[in-house]
Amino acid sequence: IGASYDSEQGLLVLDHAVELNTRRGDEVVTLKAQHAEFERDDQVCRLRAATAKFHGGEATAGAAKIVFRTDGSAVRLDATNGFAVTTATGGHLRAPLGLLEFDEHNQPRHGHLQGGVQMDSASEGRSMHGSSPAVELEFTTLGALHHAHLERGVEIASDELSQSGSETLHERRTWKSPVADLDFRDAGKGKLELNTIHGTQGVVVTAESQHGKGPVLPSKLAADELTGQFGARSALISIIGLGHAGMEETAASGARQTTQGDRL
């Protein structure tokens with residue numbers, strides 16, 4: 001609603017209630033914004049209060065700048081005043097500042113989030129919350145996320161409720177490390193699953209488990225370096241600790257058990 005064009009400056013202004021439809025490969029992307037400005041000579045589009053809806057999710061930014069190539073494909077997206085991504089599978093990623101770089105086919109290839117990154121996901125009885133001051137993202141050639149690098153203080157907490165025989169099993173885990181690398185795999189139908197998590201420079205994992213109405217049993221695993229392997233539905237199947245590794249567990253009887261070694 002409302003538009004002006006300065007042919008001398010090459011500036012197109014779309015005043016408010018902006019709606020754009022474009023394509024990302026075979027997918028239609030719907031973009032809405034309160035205000036948009038296109039600079040012809042610099043190949044730049046500036047957006048205010050922008051929302052992009054695409055197959056598998058939605059992205060929002062308080063303010064965004066998109067830089068284009070001469071063929072019209074996007075080079076880079078700079079988002080400020082809040083950047084958030086929501087996936088159709090229940091994942092949420094948000095940060096005050098965000099950057100995405102694209103290839104010649106408008107597929108994301110690299111991302112950088114900073115200013116305090118928050119991550120949440122929930123599905124099939126399992127929820128996860130993570131935080132890190134900064135996150136680096138790497139994508140496959142098809143635009144799917146396959147690696148995330150978190151640094152400067154990482155915290156990840158998970159809560160899971162499952163059935164163990166005739167009783168419910170409630171498990172809580174917290175991961176803390178200065179640095180963490182997460183690898184993802186394609187689970188089909190547009191879904192991603194966590195494949196591995198690797199932490200360095202001192203990692204501590206604490207956990208609590210409870211069978212039915214039984215006692216809450218705490219445990220703790222710490223090492224210089226930890227790697228977690230995940231199976232179907234991102235269920236944890238193994239942890240390997242290297243360097244000054246130690247484990248503490250409390251049995252149902254109340255007995256406290258400790259294990260130490262260079263590798264656990």
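Laboratory data are not the source of any read-out in this text; all were calculated from the coordinates shown. Computed from a predicted structure; not experimentally measured. Cβ coordinates were reconstructed from backbone atoms using ideal geometry, including for glycine residues, and neighbour counts include every protein chain displayed.
Considering the options GLY254, THR141, ALA223, tell which one lies farthest towards the positive end of the dipole of the chain, charges being +1 on Lys and Arg and -1 on Asp and Glu at the Cβ, about the Cα centre.
Toward the positive end, the furthest listed residue is GLY254.
On average, how much area does the Cα convex hull of region 177-250 cover when viewed from any direction, in nm²?
For region 177-250, averaging the hull's shadow over all directions gives 6.0 nm².
How far apart, in nm, are the 7 Å Cα→Cβ label points at THR168 and THR22?
Result for the modelled spin labels: 4.7 nm.
Figure the gain on full extension for SER4 and HIS244 (residue separation times 0.36 nm, minus the Cα-Cα span) and round it to one decimal in nm.
Going from the current span to full extension adds 79.8 nm.
Using all alpha carbons of region 1-128, what is the percent of pairwise distances in each 5 Å bin, ordered from the shortest bin to the longest?
Pair shares across the bins are 2, 10, 17, 23, 21, 13, 7, 3, 2, 1, 0, 0.
Would region 113-198 count as rounded, prolate or oblate if I go by the C-alpha gyration tensor, calling it rounded below 1.5 in a/c and otherwise prolate when a/b exceeds b/c, oblate otherwise?
Verdict is oblate for region 113-198.
Which residue fluctuates most in the GNM of the chain (Cα springs below 10 Å): GLU167, GLU248, GLU208?
It is GLU167.
For the chain, with a Gaussian network of springs between Cα atoms less than 10 Å apart, report the residue from GLU160, GLU101, GLU27 with the top mean-square fluctuation.
Its mean-square fluctuation being the largest, the pick is GLU27.
Expressed as a rounded percentage, what relative contact order does region 150-235 have, with Cα pairs under 8 Å and six or more residues apart?
26 percent
With just the Cα atoms defining each centre, how far is region 61-109 from region 192-218? Give it in Å.
32 Å
With no solvent and one point per C-alpha, what does the Debye sum give as log10 I(q)/I(0) for the chain at q = 0.08, 0.16 Å⁻¹?
For the requested q values the scattering log ratios are -0.42, -1.20.
Sum up the lysine pairs in the chain that clear both bars: alpha-carbon distance under 29 Å and a spacing of 8 or more or different chains.
11
Between GLY188, GLY82, GLY202, which gets the highest mean-square fluctuation from a Gaussian network model of the chain, Cα cutoff 10 Å?
In the Gaussian network model the winner is GLY188.
How large is the charge dipole for the chain, taken about the Cα centre, if only the Cβ atoms of Lys, Arg (+1) and Asp, Glu (-1) carry charge, to the nearest 20 debye?
The dipole of the chain has a size of about 640 debye.
Mean separation of Cα pairs under 8 Å and 6+ residues apart, divided by the residue count of the chain: what relative contact order is that in percent?
8 percent
Calculate, in nm to one decimal, what ARG69 and THR258 gain on full extension: separation in residues at 0.36 nm each, minus their alpha carbon distance.
My answer for the length gained is 62.1 nm.
So between LYS189 and GLU136, what do we pick up on full extension, going 0.36 nm a residue minus the alpha carbon distance?
16.6 nm
Which FRET efficiency value, to the nearest 0.05, is calculated for THR206 and ARG109 with the Förster distance at 45 angstrom and r the Cβ-Cβ distance?
0.80
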